[in-house]
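Just dropping this structure here.
The values are calculated or read from the model by the stated rules, or taken from the named source; none is laboratory data. Quantities reported herein were computed from a predicted structural model and do not represent experimental measurements. When we count neighbours, we look across all protein chains shown, and the Cβ atoms used for this are built from the backbone with ideal geometry, even at glycine. Please note that ligands, DNA and RNA were not included when accessible areas were found on the heavy atoms of the full protein model with its side chains. Shrake-Rupley method; radii C 1.70, N 1.55, O 1.52, S 1.80 Å.
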Amino acid sequence: MSRFSTPLALRPAVDVIVPTTAMVLAAGLGKRMRPLTATRPKPLVEVAGRSLLDRALDHLTAAGVARAVVNVHYFAEQVEAHLASRAAPDVVISDERGSLLETGGGVTKALPLIDCDPFYVINSDNLWVDGSIDTLKLLAQRWDSETMDALLLLVPLARASGYEGRGDFYMNPMGRLRRRVEHRVAPYVFSGVQLLSKRLFEGEPIEAFSLNRVYDKALANGRLFGAVHGGMWFHVGTPASVGETEVILADS
């Protein structure tokens, strides 16, 4: 199976080797979050007193991930100044000020800065609370390099707070994924948290494209898998969703 093994302490403490580096996607324009993003980037929008970007980086630090590559574009200087105050993880900037590359292109450009395989990729516009096991360690525990090129953290549609779509994936008992059929409902939502292999980006140019392109590549080869998140997850996509998320967090 995997060279990554098992973690679990207070919550069970899990003893697993985690990838050393994560890519945190923080370059988007945050249009749906306006007016909050009129003067700041979406990753610096605060929910319950802490920015979305810091919340993602806090999870990385807690899991033992030493290095985070953060891409910047919109209000890039603000993101860089904010990150300069953090002690951990060690942050490296992937600069997209010249051209916004979307999720797939952003990861492709940053690959030379990523020193492990597989590596985490986290969208900075989602917020999650760990369940009984640290979420990032759960992914490391489930990773199997022999069968997987991508392992996506999924949330049951019924527990996807702030999400208004029809779901993204179906999953078989082995964890292998297939996409939602048009006009149907799928039981799982992609959380924006994942483990990816560098194999997926072989031959990909540095240009604007969505990560969906490499997911389709993994899907075609039967190497796209999912793991179900056991805690809370929030899609924080609009100003209204900020307040809604704060209410749920305060009550939990």
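Before we move on, is R166 of a type in the set (K, R), open to solvent by 10 Å² or more (accessible area, probe 1.4 Å), over 16 Å from the mean Cα position of the chain (by Cα) and farther than 27 Å from A68 by Cα?
Answer is yes for this residue.
Anything in the stretch 58-74 that is within 21 Å of Q141 (Cβ to Cβ), in contact (Cβ under 8 Å) with a residue 24 or more places away in the chain and not polar (S, T, N, Q)? List them, or say none.
H59, L60, A62, A63, G64, V65, A66, R67, A68
For every residue, the table says whether it meets (1) touching a residue at least 24 places away in the same chain (Cβ under 8 Å); (2) closer than 26 Å to V181 by Cβ; (3) out of contact with any strand residue (DSSP E or B) (no Cβ under 6 Å at 6 or more places or on another chain); (4) buried (at least 21 other Cβ atoms within 10 Å of the Cβ).
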position	(1), (2), (3), (4)
P118	yes, no, no, yes
I122	yes, no, no, yes
G131	yes, no, yes, no
L152	yes, yes, no, yes
L157	yes, yes, no, no
G162	yes, yes, no, no
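Given the structure, is G243 surrounded by fewer than 17 Cβ atoms within 10 Å (Cβ to Cβ) and in a helix (DSSP H, G or I)?
Yes.
Rundown of residues vs (1) surrounded by 20 or more Cβ atoms within 10 Å (Cβ to Cβ); (2) small (G, A, S), yes/no style:
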position: I17; (1), (2): no, no
position: L29; (1), (2): no, no
position: A38; (1), (2): no, yes
position: L44; (1), (2): yes, no
position: A62; (1), (2): no, yes
position: N71; (1), (2): yes, no
position: L83; (1), (2): yes, no
position: L101; (1), (2): yes, no
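Turning to a different aspect of this structure: Please enumerate the residues belonging to the stretch 49-101 that are under 21 Å from G28 (Cβ atoms) and assigned to a strand (DSSP E or B).
Residues satisfying the conditions are R50, S51, A68, V69, V70, N71, V72, V91, V92, I93, S94, D95.
Only residues that are farther than 23 Å from P43 by Cα, at pLDDT 95 or above and part of a loop (DSSP other than H, G, I, E, B): list them for the stretch 208-240, please.
Result: N221, G222, R223.
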